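> I'd like to ask some things about the structure below.
Every read-out reported here was derived from the displayed coordinates using simple, explicitly stated rules and does not represent laboratory data. Every value quoted in this text rests on a predicted model; they were computed, and no experiment measured them. Here the Cβ positions follow ideal geometry from the backbone for every residue, glycine too, while neighbour counts run over all protein chains shown.
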Amino acid sequence: MANLTWRTSKSKTRSRKAANMKLSQNINLTECPNCHAKKEQHRVCKACGHYNGKEVVSSEE
Ligand SMILES: [Zn+2]
């Protein structure tokens, strides 16, 4: 059974959520195969806009 909300104190819930926030912020960074810049895994490269060998977002400005 899932945790009962009324059995879990506010401080317990909030401290657990705070701990998980730190986890979610710890993003895995990989090297972009196109421009070799550091990029987030499973995300479009912010430097060149490429993902999975294709240009998804136009980088021309
Ligand atoms: Zn790139």
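> Quick one: net charge around N52, please, counting Lys, Arg +1 and Asp, Glu -1 for every other residue with C-beta under 14 Å from its C-beta.
Computed value for this residue: +1.
> Using +1 at the Cβ of each Lys and Arg and -1 at the Cβ of each Asp and Glu in the stretch 2-41, identify which of A19, A37, W6 lies farthest towards the dipole's positive end.
Final value for the positive-end residue is W6.
> While we're on this one: So for the chain, averaging the separation of alpha carbon pairs under 8 Å that are six or more residues apart and normalising by length, what relative contact order in percent results?
16
> Applying 1/(1 + (r/R0)^6) with R0 = 30 Å to the Cβ-Cβ distance of N20 and N52, what FRET efficiency is obtained, to the nearest 0.05?
Efficiency at R0 = 30 Å is approximately 0.55.
> Would you pull out the residues with amide H under 5 Å of N34's amide H, same chain only if 5 or more places away, H placed 1.01 Å from N?
Under 5 Å from the amide H of N34: no residue qualifies.
> For a protection proxy built on the mean count of beta-carbon atoms within 10 angstrom, sort 3-15, 28-40 highest first, please.
The packing order, highest mean first, is 28-40, 3-15.
> Angle, helix 10-25 long axis vs. longest principal axis of the chain, Cα atoms, 0 to 90°, nearest 10?
10
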